1. Compute the length gained on full extension between ASP96 and LYS53: take 0.36 nm times their separation in residues and subtract their Cα-Cα distance, giving the result in nm to one decimal.
2. What 222 nm value per residue comes from the helices of the chain, counting each DSSP H run with n ≥ 4 as -39,500 (n - 2.57) and dividing by all residues, nearest 500 deg cm²/dmol?
3. How many lysine pairs does the chain hold where the Cα atoms are under 27 Å apart and the two sit 8 or more places apart or on different chains?
4. Provide the FRET efficiency to the nearest 0.05 for the MET144-ASP103 pair, computing r from the beta carbons and using R0 = 25 Å.
5. Largest first and in whole Å, give the semi-axes of the chain's equivalent ellipsoid, each being the square root of 5 times a Cα gyration tensor eigenvalue.
6. What size of dipole, in debye to the nearest 20, comes out for the chain about its Cα centre when the only charges are +1 on Lys and Arg C-beta atoms and -1 on Asp and Glu C-beta atoms?
7. Nearest 5 percent is fine: what portion of the DSSP beta bridges confined to the range 5-84 is antiparallel?
8. Write out the trypsin sites (Lys or Arg not before Pro) in the range 35-84 meeting two conditions: DSSP loop, and at most 14 other Cβ atoms within 10 Å of their Cβ.
Amino acid sequence: MLQNMSDVAAEAKKILETMLGKLGFEHEIEVNGDEDHLTLNILSPDQTLLIGKGGDRLDDLQYLTNRILRGVNDDAPRVRVDCDGFRAQQEERVRDKARGIADKVKASRDEIWMTPMNSYHRRLVHNALADDPEIESVSEDSNMRNKKILIRLK
């Protein structure tokens, strides 16, 4: 059982380093954040391969790291895996796109559907538009993992 956050960070880093080493990637891993938002940032010349299309390989590495970490400690917090700051840039693009669509909705007075996205990105969109008194964002009612968001006037 892991006792504290530094133990969790060290174990998560060890798990990710082992996977990347077995896969043959040259890398370094930075540990950032606090106990609520621990991030392992991979620094590698192979960043394109590690990130994958739209971050899908990063998602896989993150999923595996968390599954193995939970096997060591059921209470371990979720760890985020990033590569050369890709996720931070991607999140800002999602927020910017949501604000841009909100501006189009205000100008045209038409509602606009965003492309399907995972729950984390949907939450980013909803939070980015939460303080806009003219706009509301609504996730589609679906059982799909990736859902669309409707942006419309209130």
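All of the numbers you see were taken from the coordinates with simple rules; none came from a lab. Computed from a prediction, not measured in an experiment: that's the story for all the values here. When we count neighbours, we look across all protein chains shown, and the Cβ atoms used for this are built from the backbone with ideal geometry, even at glycine.
1. Details: separation 43, 0.36 × 43 = 15.48 nm, distance 2.00 nm.
Separation in residues times 0.36 nm, less the Cα-Cα distance, equals 13.5 nm.
2. On the way: 5 runs with 75 residues, N = 154.
It lands at -16000 deg cm²/dmol.
3. Qualifying lysine pairs in the chain: 18.
4. Numbers: r = 27 Å, r/R0 = 1.09.
Given R0 = 25 Å and the Cβ-Cβ separation, E is 0.35.
5. On the way: eigenvalues 241, 57, 36 Å².
Its equivalent ellipsoid spans semi-axes of 35, 17, 13 Å.
6. Details: 24 positive and 29 negative charges, 140 e Å.
Approximately 680 debye in magnitude.
7. Details: 5 of 10 bridges.
Percentage antiparallel, nearest 5: 50.
8. On the way: sites: LYS53, ARG57, ARG67, ARG70, ARG78, ARG80; in loops: ARG78.
Within the range 35-84, the qualifying trypsin sites (Lys or Arg not before Pro) (loop, at most 14 other Cβ atoms within 10 Å) are ARG78.
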